[in-house]
Amino acid sequence: MKDHDKETREVKKAMKSNNIEIARIHASNAIRKKNESINLLRLSSRIDAAASRIDTAAKMQRVTGSMGKVVGEIDRALQKNMNLDKVSQIMDTFESQSENLDLHAKYMEESMNSTTTMTTPQEEVDTLLQKVADEAGLEMSQELGGVHVPQEPLPEDDRLNERLANLRNAI
């Protein structure tokens, strides 16, 4: 996001200099940098999700092995004198492992569902330009495609206008 902020500052600087084309280029760069940052974060999330899936698969394999052992132990316990305490203890372990498996599966599903795509339309550039203009106290001229910087008329402008009026009167 540092690059986005830098480009946004460049937009403001160009707009203050009344150079709308350069401001548009910097605004486009700012949006592109923002999207790059978001895409890298999205990629990081996808990698985390893949790592989580691998971890879940390994855990599921361990749980499956444990379930097989539990079934074997239940079978042995039932064959030997029907020790209900032992059967109850084995079933509690089995239920606990099943709940853990469900939680891991739910987490993996949620992380995979959280990925989205994003596009950058031209209107985002215009929105950013308007936002920067508002922050800098500048006025965007929609029809002219330029920026108007409100300022006091310069004394030199008054002299030039006076000379132009004299020339027009002379003709």
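Residues that are outside any helix (DSSP H, G or I), over 30 Å from His104 (Cα atoms), open to solvent by 80 Å² or more (accessible area, probe 1.4 Å) and touching a residue at least 60 places away in the same chain (Cβ under 8 Å) are absent from region 23-46 altogether.
Of all residues in region 4-22, those satisfying the criterion of being of a type outside the set (Lys, Arg) and either buried (at least 19 other Cβ atoms within 10 Å of the Cβ) or assigned to a helix (DSSP H, G or I) (or both) are His4, Asp5, Glu7, Thr8, Glu10, Val11, Ala14, Met15, Ile20, Glu21, Ile22. Of the residues Ile20, Ile31, Ile47, the single one that is touching a strand residue (DSSP E or B) at 6+ places or on another chain (Cβ under 9 Å) and among the aliphatic types (A, V, I, L, M) is Ile20. Of all positions in region 142-152, none carries a residue that is open to solvent by less than 100 Å² (accessible area, probe 1.4 Å), at pLDDT 70 or above and not β-branched (Val, Ile, Thr).
The values are calculated or read from the model by the stated rules, or taken from the named source; none is laboratory data. Predicted model, so just to flag it, every value in this text is computed and none were measured. Note that each Cβ is placed from the backbone with ideal geometry, even for glycine, and that neighbours are counted across all protein chains shown. Calculation scope for accessible area: heavy atoms of the full protein, side chains included, ligands and nucleic acids excluded. Shrake-Rupley method; radii C 1.70, N 1.55, O 1.52, S 1.80 Å.
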